[in-house]
Amino acid sequence: MNMRQPLQSTSPSLEGCLADLSRIPFLEPEWLSLGYLNGSCHNLMQRTHVLPVTSGRAAIYLALRALNVGPGSTVLVPSYHCPTMIAPIVALGARPQFYPITPSGCVDQNYLDALPPDGVRAIIAAHFFGLPRPMQALRAWCTQRGVALVEDCAHTLYGTSDGKPVGAWGDFAIGSLTKFLPVTEGGVLVSNQEPVEEIALQPRQTKDQVRILADLLELLTCRKSAGLLSAPLRGLFLLKKKLRSPKQSTVASTESDIDRPREAWDGFKIDVDFATTRPAHATEWLARHIDLDKVATLRRNNARQLLDALSHTQGAHALVDQLPEHAVPYVLPFWVDNPEPVYRQLKAMRFPVYRWDRLWPDVPHLPNDQGLLWSRHVFQLVCHQSQTEQDIQRMADAFRQACQQN
Ligand SMILES: Cc1ncc(COP(=O)(O)O)c(C=O)c1O
């Protein structure tokens, strides 16, 4: 069981002491059921037409391909983005066109209204951070203009937007399972029109099936209460890591590693073979048999605790004062006044934080756009179901200290 420990204050020196904080959740066996679980709270897996895929970017690729996006097509995308949202467009030979976002992270509707009537095939609009954004006005614009809406729910497996479940507004919606569940690959493609279940994907090789199953077992041994079995198994997994050839991983793909050159970062590429291959059986099974309600409750509790703990932080503020109803964050977004030194300090501590400071090349300066500012000032603090109260408290202390010192 994931023991939630009593709140304790941390020691004054936080340097390096966050290294043991996991960026991804562990696998808790008691959250699994042999029967099929759909969850009672609104989530993407409940939509009628759902196709399990290998990643969120694979789902974007398949959605755009189903919309006949190709050479000569234009797809509208937010100026604030993870490059994994843009790579599928470029892989299809189409052109991304950036639109500005408002201070609340919404599509700038005035900009869209001023666009010439023709020439755009689709728009990707994201519910950033797991905080659902309004979609009704955008849906109306898309319908009026004949533009397909791809609702990017990579951060938003759960929640409602303008009175409907997330994922219900787009012609297609996409999700990323690695951001919410203890899996090392996985996404979903949702369609609100045609059935997508029939899309033919290449079968997964047996060695990959075994590897992914081993990954899940490894996530099982990471949990703090893993018990006696964990030590020998961990040794085995360490060996597995050494033997494994380096390959694209979708886990923590939003991480902007300040020490790695742009070319070395896989977010700018999409492996089309991988995108058109079925996920492993173990991934599909887990996504259908994990208690999604439990995951949502724990994540919300942790997010509330982090928001409360950082409500009066000098030099930084959360982008939301409180959690919207039904929202289950992927990360908590904080605006940091003096971002560069704070980011360096947090990274040196191995604080679980991301920042989208590696945008697609040549994002233009657009009128009233927040995107470029957000890419530097908005820090995404990792918040997931396996963090204990003590973990959250340590994070809050370290973040507050880094902001105050800079
Ligand atoms: C908003 C958004 N959409 C799509 C993706 C792609 O998801 P994945 O990493 O599962 O390919 C990401 C990845 O971080 C994302 O942040």
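Would you mind computing, in nm to one decimal, how far apart the modelled labels at GLN202 and ARG304 are, each placed 7 Å from Cα along Cα→Cβ?
4.7 nm
May I ask you to compute the full-extension gain from HIS289 to VAL210, defined as 0.36 nm times their residue separation minus their alpha-carbon distance, rounded to one decimal in nm?
26.6 nm
What residues from segment 164-207 fall in the zone where the backbone N is under 17 Å from a label point 7 Å along the Cα-to-C-beta line of ARG23?
Residues 176-186 fall inside that zone.
Would you please state which residues of segment 370-406 a label at ASP337 would reach in this model, taking the label point 7 Å out along Cα→Cβ and a backbone N cut-off of under 18 Å?
374, 376-379, 399-406
Quick one: of LYS179/LYS207; LYS207/LYS269; LYS269/LYS347; LYS269/LYS294, which pairs are farther than 31 Å apart, Cα to Cα?
Pairs exceeding the cut-off: LYS269/LYS294.
Sorted by packing (mean other beta-carbon atoms within 10 Å per residue), highest first, where do 187-199, 144-156 land?
Going from most to least packed, we get 144-156, 187-199.
What FRET efficiency comes out for ARG95 versus ASN38 if R0 is 22 angstrom and r is the Cβ-Cβ distance? Round to the nearest 0.05. Working shown, then result.
Details: r = 39 Å, r/R0 = 1.75.
Calculated value: 0.05.
What FRET efficiency comes out for THR297 versus ALA137 if R0 is 30 angstrom and r is the Cβ-Cβ distance? Round to the nearest 0.05. Each step should come with its number before you reach the end.
Numbers: r = 31 Å, r/R0 = 1.04.
Efficiency, rounded to the nearest 0.05: 0.45.
Could you work out the relative contact order of segment 33-191? I mean the mean sequence separation of Cα pairs under 8 Å and 6+ apart, divided by the number of residues, in percent.
Here the relative contact order equals 30 percent.
Please state the relative contact order of segment 292-405 as a whole percent: Cα pairs under 8 Å, 6+ residues apart? Please report the intermediate quantities before stating the final value.
On the way: 144 pairs, mean separation 44.9, N = 114.
Reported relative contact order: 39 percent.
Expected output is a single nm value to one decimal: the length gained when fully extending between ARG145 and LYS269, i.e. 0.36 nm times separation in residues minus the C-alpha distance. What is it? All intermediate terms of the calculation are to be shown ahead of the outcome.
Details: separation 124, 0.36 × 124 = 44.64 nm, distance 3.02 nm.
Full extension from ARG145 to LYS269 adds 41.6 nm.
How big is the gap, in Å, between the Cα center of segment 106-150 and the Cα center of segment 275-297?
Distance between centres, Cα-based: 29 Å.
Below 13 angstrom from the Cβ of GLU151, what's the summed charge of the other residues (Lys, Arg +1; Asp, Glu -1)?
Result for the neighbourhood of GLU151: +1.
Rule-based calculations on the coordinates, nothing more; no lab input. Because the structure is predicted, anything quoted here is derived from the model rather than measured. As a convention, Cβ positions derive from the backbone with ideal geometry for all residues, glycine included, and neighbour counts pool all protein chains shown.
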